[in-house]
Every structure is written in C-alpha cells, then in structure tokens.
Amino acid sequence: MTNILATLATAMVALPFILYIPGWLVGRLLLPRADLLEQTYERVVISVLLSGWLALLLAEFGIFSLWLHLALLLVICGALLAVRKVYPTPPPALHSPSAGWVPLAFAAIALLALLLVLPPFQTILGARDAGVYANTGFAIARTGGLVQHDELLAALGQQAQSEDAAERGAAEQALSNFLGVQNPERFIATRLYTAGFFINDGEVPQGRIVPQHLHLLSAWIGLLTSVLGYTGGLFAPGLMAVLGAWSLGMVGRRLAGPWVGGLAFLLLALSSVQVWFGRYSTAETTAQFLIFAGLYCFVGFQQRSQQLQDRATITYAALAGVAFGQLALNRIDAFLVLAPLVAYLGYCFVSRRWSRSLSALTVALLVLLVHTGLHIVFIARAYFFDTAFARLQDFAITSYIAQPFITPLLREVYHTTNRSPFKDPWQIWRELALVAVGVAVVAVVWRWPAPLHWFERQVVRWRPWLTGGAALLVLLAAGYAYIIRPQIITPELVAQAPACLLPQNWQVAAAPVQADEREDLAAPEASPIISTTVADVQEPPRDPCLVLQGYVGAPVAVPDPPPGGDPRRMIPLANLVRIGWYLSPLGIVLGVVGYALWCWRNLTRASWFVLLVGFLGTFFFVRDTYGTSDQSYIYILRRFVPIAYPMFSLAMAYAIVQLALWGRGRGALLTRAAAAGLAVLLVVFFAWTGRPMYAHTGIWLAHWNG
C-alpha cells in the first residue's frame, strides 16, 4: 500500500509537467486562443515533444533521473513565465470554435482508446525487438544511462589481453561461452551480450553494451518507469497509440471538419492492429504520433501562412520540424517523411518562396537531424551501419561516407565485394558529376525562376485534369494491388465464384498460427491477428471458396517464385489483402475511394503533404514488405501502423462524410442514411473482430480489482 501511495504521489507531481504544463505555457505565449479541444491537444503535443527529447538527451549523457528531468522542466517553465510579458496578446485564430459536442465526442473517443490499450503486454522475451525496447527503458530508469557498462565483462575483456597465457585462455573461454558472435565481415557489433544488445568490435575490455535500435521509445519507457514503475513503463507505446489516433483525428478535423476527424479517430482507436501494437513495446505507435502530430502542425502552418506570417505561423512550422526531426530519433525509415519534406523545402528555396516560417521549420528540423547524426555516431553506430550495410554500397558516395564509421575489416569488405562501387574508379566521379549538375541546376533555377513560375501556371491551369488523373491512377493502382497482384482471383475462380457466394459453401478458415513474435503473458491463445507461415500457404487451397475467403482472413497462397527467385519476394504480392483483413473489403473500398476523391476534389495547400505522406508510406511497405521468412504476420503488420492504417481510417471517414453531404432534398436523406449505415457497419466490424483483443482490458481490470 505504501508503494502504491508513493507511486500515486509521484505521478500527481510528475505527469502534469511531463504531459501538459510546458505546452500550456508555450501555447499561451505563441499559439492562437482556439477552442478547448484544439488548445488541449496542442499543449499536450508540445509537452510530449519536449519531455521525450529531454529524457533521451539525459539518457545519452548517462545522467537521467526523474527529479533531474522535472527540475529542468521546471526551469524551462520558469523561463516561459518570465518572457510572457513580451507577448501579452495571443495571435488571432483563423477559424471559429467548433460546436460544443465536438470536444465531448473527442474526449469520449480518447477515453475509449485509452481503455483499449491500457493493460500493456508483459514482455518476457527480452532478446527480441519488443524486449530490447522494454529492457533498454528499464535500464535507463535504473541506471540513468542508455549505454550500459558491465564490470565483469570489462574484467574478462582485459584479462583476455593479458600476457599470462593461462589467464588469457580462461578469459577467452569465458567470453566464448557467454557472448554471442556475429560475422566481423558483416557487422560492426561483432559480439552480443545477448540478442539485441551489441558490443562493438574492440569494446569488450570497456564492458560497453549498446542496445539495438534508435532510442526515443526506450527513453519514454524509462521516463514512465521512473514515474509509474515497470508496468507503467510498458504503457509508453499505449500512450503514443492514444496520442497518434488523437493526432489523426485532429488532422482530419483541420482539413475536413469534425465529422471526418472524429470518425477517423474512432476507427483507428477501434482497430485491432492499433490496439495490439498499442500494448506491444515497439516503436511504431511512437512513429505514428510523431508523423501525425507533425502533419497537424504542418497543416496549421500552411493554413495560416496564406494569410499571416505571425508568431503562431512560425510556431506551427517549428513544431512540425521538431516532430518530424524526432521521427529520425525513433525509426530508421523516417526518410519516408523526411525526403518529401526536404524536397518541399528545396522547392520553396529555388522558387524564392522562402519565409520566416520555413526558416523556423528548417532550423528545428536541422537541430533534431544533427542530434540524430550524433546519436548514430556515438551510440547507435552499429545498428545504423549494420542495418544499412547493403544500401550504403549502392553508391560510391555513401560508401565513402561510411568509411570513417566502420571497422578496418569492413572497409576492406566494402572494397572487395562483388557489388563494391570502389571496383569502378570512375563511379565516384560520375556520381559527383551528377551531384554537381544538380547543384548547378538548382543555382540556375534560383537565379532565373521565370521558367519554373511558367510551369507552375501551367499546373494551375490544368489542375482539374491533373488531380483527376492522380485520382484515377490511385484507383487503378489500388485495384491492381488488391485484385490482380495477389493472384487470388483467377479465371477458374471467377467461373466458380457464384457457387462460393452460397452460405452452404462457406468454410471456416484455417486456424491462425501462433505468432513467433508474441511476447506477452496475457495474450489470448487465438489472436485475431492471423499469422500465416510459408509452410501453410505454399500449396494453394483446392477449394475455390476457401481461396476467395483469403480476402477475409483465410491463408493466402504464396505463388511459386520464378526459377532461381527468392520465395520471400512473392509474399508481398498480397500485402494489401492482408492489410484488408483488419479493415474489411468494405473498408478497403471506402479507403481507396475516399483517398482518390480527396485527391480529386480537395487537394489544397494544406492537404497535399498529408496525402503525399499517406501514399508514400503505404506504397513503400505494401510493395515489398515480406518480413520474416516464416511469415509471422503479427510482426510484419507493424510496418503499416505508422502511416497505412491511419491513412485508411482518415480516407474511409472522408468517403463516408462526403457521401452524407451528397444530394439534395429526399436524395440527401438517402445519402445520409447510407453514410450512417456504412459508418455503423465499419464500427461494428472493428468492434466485433477486435473482441479477443479488447478482452485483455476485462482480464486486467478483474485482476486489478482482485
């Protein structure tokens, strides 16, 4: 009881500073005085961005503690109070407050989302991804440092260098018995303390152990552990899942109104995939929050910059840079967002449309990217360069850049492999020449922007045709990815399809295989997240009715690869089908139609980046995500959590609301009834199929009450 009271007292003191107060002060200084929902959201986002970054920074220096963290937040809050007199008047709001029901509806959905992810999985397999994140966070809370030092390991490493043969032999034998080994011709981290905890080449005598991954999520786990204990620390992905779904709802609200935002928020909160990974200690929900919080701020900056270049516009732009920059500290695939953002900034520069807001966004982004670079060089060097081993050798420039950061043996490998760009002495000069040409083109366009402005006028002139063409391409691409590419529907199946529609021919799909990556104590024996293995699906089911049920959860056959091909490369062919297991075929259709309709009718200065990020993030992983060779799909589905599932939720909501707004008179009543029916169908589908997942909440509450 004493421990519980102490934890509650700590939480009451710490959580307001971690999650709200700094953002409240910044909002009062720099942001417009909008309605309660918008103000609350923005204050939470600012506080979360600050707290997570500060916790990671302290852990990198090995000095993290809850009270130091709170002391620094208190200093920051004091500074904000001191400068409040500089900006006594809040910036003007550009839109009127929403109706009173909107904050209540969003609050109810947020409470539901919180309850669904509240009991985190108790991670017990510490050598897999979820366990590495969790144990790293726990170590931060316990020791204050991200990098760990083991005195026994250091002693053995020093003894292994001893001149005494007996002492050296015994130490080498002990190290061989207890440490994992990785190929030094492939990895910087040649030894493993345990799987996922790296010892870089030559660092055994230091006893230095670096956990796998980038570490923003682990910093959050450490921060919450120091406040709420170990179970509370595991709630970090759940907190991010709630904030990510809320961010999606706020993006939808800003772009298309409260109905779109609220429905998108609800659909994502109910999603089985969102609930599962909200309880699972991997970094996807953190990425989701950072992406959509950044998109919200980017939308706010774009909407205001059309009319004002005031401090609120600059603040929104800077916050977008902070959120997108922190994405680079969280996951290695941040380029899916950063690449189009950098391209946009470059375009604004060469077209001479630069502004103070863009300067703020760029500075904030650069600060976080420099932090990421330093984090990689001094802490996550092995993870980054070992993960990017093959991609870095695609170009001579990247191969040269990697040379100072890899081991001497790996430098030799870079020069001698069959794919080595160093074997062609002209390769580096060709690449440098292309870079020089690119720089020259940018300089010329910046100096003489008239041709670029002429091109822009042509784009505006032909905009209806271009947006219509883009919408058509989206429909065709999605149709190909969902119907043709999976090779589920064949001419033979089409011929027998009418019989498959009869209820007496329906069959129960094969029982789901237990996921190899499941790492929790309380997970149900039969997860609604179906994970199929290659062994299950090498031979296509003979019953055509069962084949057709691949669209609703039955195992999807992997087509035979071409001669000499990798069978794993055939797995991604049905990726969109597998995504649809948790959206329903109706959800896939509504999502694709909604996205295409949005491109056609509402592609604006505020929405274009949201739609572009949604397309790139979905296309990239749908095209070629095959995960593990045994098709443990609970593991693979996490690739679609940051962008794909939120964007489908947003597009589905947009399609339904557009249907409700279509028509006049009696026709309007029919379309509204149809829209309401579709919304109810989706909510019922999500809730019904998510029942096994939601059952965790009841189990946890019953155990807690007991």
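The values are calculated or read from the model by the stated rules, or taken from the named source; none is laboratory data. These numbers come from a predicted model, not from an experiment. Counting neighbours? That spans all protein chains shown, and the Cβs are built from the backbone with ideal geometry, glycine included. Only protein heavy atoms, including side chains, enter the accessible area calculation; ligands, DNA and RNA are left aside. Shrake-Rupley method; radii C 1.70, N 1.55, O 1.52, S 1.80 Å.
Starting with the highest mean, order 337-343, 400-406, 325-331, 253-259 by the number of other Cβ atoms within 10 Å, averaged over the residues of each peptide. Walk me through the numbers on the way to the answer.
Details: 337-343: 16.9, 400-406: 14.9, 325-331: 25.9, 253-259: 20.6.
Descending packing order for the listed peptides: 325-331, 253-259, 337-343, 400-406.
Efficiency by 1/(1 + (r/R0)^6): what FRET value for Tyr694 and Lys423, r their Cβ-Cβ distance, R0 = 56 Å, to the nearest 0.05?
Working: r = 57 Å, r/R0 = 1.01.
The pair Tyr694/Lys423 has a calculated efficiency of 0.50.
Express in whole angstrom the spacing between the alpha-carbon centres of segment 1-24 and segment 221-252.
A separation of 15 Å, based on Cα centres.
Determine the dipole magnitude for segment 193-337: charges of +1 sit on the beta-carbon of Lys and Arg, -1 on that of Asp and Glu, nothing else is charged, the reference point is the Cα centre, and the result goes in debye to the nearest 20. Numbers along the way, then the final one.
Working: 7 positive and 5 negative charges, 88 e Å.
About 420 debye.
Can you give the extra length, in nm with one decimal, that the chain gains between Glu412 and Leu15 once fully stretched, where that is 0.36 nm per residue apart less the Cα-Cα distance? Don't skip to the end; give the middle numbers.
Details: separation 397, 0.36 × 397 = 142.92 nm, distance 5.08 nm.
Extra length from Glu412 to Leu15 when fully extended: 137.8 nm.
What is the distance in Å between the Cα centres of segment 558-602 and segment 70-114?
39
Cα-based Rg (one decimal) and Dmax (whole number) for segment 311-402, in Å?
Using the Cα atoms of segment 311-402, the pair Rg, Dmax is 14.9, 44 Å.
Go ahead and run the numbers for FRET between Leu5 and Ala93, Cβ-Cβ distance against an R0 of 45 Å, rounding to 0.05. Intermediate results must be reported in sequence, preceding the final value.
Details: r = 43 Å, r/R0 = 0.95.
It comes out at approximately 0.60.
Can you give the local net charge around Met250? Use residues other than it whose beta-carbon is closer than 12 angstrom to its beta-carbon, Lys and Arg +1, Asp and Glu -1.
Working: positive: Arg253, Arg254; negative: Asp35, Glu38, Glu42.
Every neighbour counted, the sum reads -1.
For volume of the Cα convex hull per residue in Å³, the listed values are [x] 208; [y] 164; [z] 183; which was obtained by calculation from the structure presented?
The calculated read-out lines up with [x].
Given the Cα-Cα distance of Thr231 and Leu308 and 0.36 nm per residue of separation, how much length would full extension add, in nm?
Values: separation 77, 0.36 × 77 = 27.72 nm, distance 4.59 nm.
Taking 0.36 nm per residue and subtracting the Cα distance, the gain is 23.1 nm.
Which peptide among 46-56, 112-122, 171-181 comes first, and what is the full order, when sorted by highest mean count of other Cβ atoms within 10 Å? All intermediate terms of the calculation are to be shown ahead of the outcome.
On the way: 46-56: 23.1, 112-122: 21.0, 171-181: 14.3.
Highest-to-lowest ranking by the protection proxy: 46-56, 112-122, 171-181.
Under a point-charge model restricted to the Cβ atoms of Lys and Arg (+1) and Asp and Glu (-1), what is the dipole moment magnitude of segment 25-110 relative to its Cα centre, in debye to the nearest 20? Present the calculation step by step, with values, prior to reporting the outcome.
Details: 5 positive and 4 negative charges, 62 e Å.
With Lys and Arg at +1 and Asp and Glu at -1, about 300 debye.
At 7 Å along the Cα-to-beta-carbon direction for both Arg356 and Arg605, put a label point, then send me their distance in nm to one decimal.
With each label point 7 Å from Cα toward Cβ, the separation is 1.7 nm.
I'd like to compare 283-289, 607-613, 145-151: which one has the highest average count of other Cβ atoms within 10 Å, and what's the full order after that?
283-289, 607-613, 145-151
Volume per residue, Å³, of the convex hull around the alpha-carbon atoms of segment 239-346?
Working: hull volume 10.8 nm³, N = 108.
Value for segment 239-346: 100 Å³ per residue.
Considering only Val44, Leu493, Leu216, whose Cα is most displaced toward the positive end of the charge dipole of the chain, charges sitting on Cβ of Lys, Arg (+1) and Asp, Glu (-1)?
Val44
May I ask you to give the average projected area over all directions of the convex hull of the Cα atoms of segment 66-168, in nm² rounded to one decimal?
That works out to 14.2 nm².
Roughly how many debye, to the nearest 20, is the charge dipole of the chain about its Cα centre, given +1 on each Lys and Arg Cβ, -1 on each Asp and Glu Cβ, and no other charges?
So the dipole magnitude of the chain works out to roughly 3160 debye.
Taking 10 °C and 1.306 mPa s as the conditions, I'd like the Stokes-Einstein D for segment 16-135 in µm²/s, using the Kirkwood hydrodynamic radius from alpha carbon pairs. All intermediate terms of the calculation are to be shown ahead of the outcome.
Details: Rh = 17.0 Å.
Calculated translational D: 93 µm²/s.
So how much slack lies between Val460 and Gln487, counting 0.36 nm per residue of separation and subtracting their Cα-Cα distance, in nm? Intermediate values should be presented prior to the final figure.
Values: separation 27, 0.36 × 27 = 9.72 nm, distance 3.96 nm.
5.8 nm is the gain from fully extending Val460 to Gln487.
Please give the solvent-accessible surface of Lys423 in Å², to the nearest 10, using a probe radius of 1.4 Å with every protein chain present.
Number for this one is 110 Å².
Say the dipole of the chain comes from +1 at the beta carbon of Lys and Arg and -1 at that of Asp and Glu; which of Leu410, Leu80, Ile199 then lies farthest toward its positive end?
Leu80
Between Val435 and Arg186, with labels modelled 7 Å along Cα→Cβ, what's the label distance in nm to one decimal, could you check?
3.0
Can you tally the net charge around Ile199? Count Lys and Arg as +1, Asp and Glu as -1, for every other residue whose Cβ sits under 11 Å from the Cβ of Ile199.
Taking every Cβ under 11 Å from that of Ile199, the sum is -1.
Select from Gln458, Leu266, Val552 the residue farthest towards the positive end of the dipole of the chain; place +1 on Cβ of Lys and Arg, -1 on Cβ of Asp and Glu, and compute about the Cα centre.
Result: Gln458, furthest along the dipole toward the positive end.
Using R₀ = 56 Å, calculate the FRET efficiency as 1/(1 + (r/R₀)^6) where r is the Cβ-Cβ separation of Leu112 and Gln161; round to 0.05.
On the way: r = 59 Å, r/R0 = 1.05.
Rounded to the nearest 0.05, the efficiency is 0.45.
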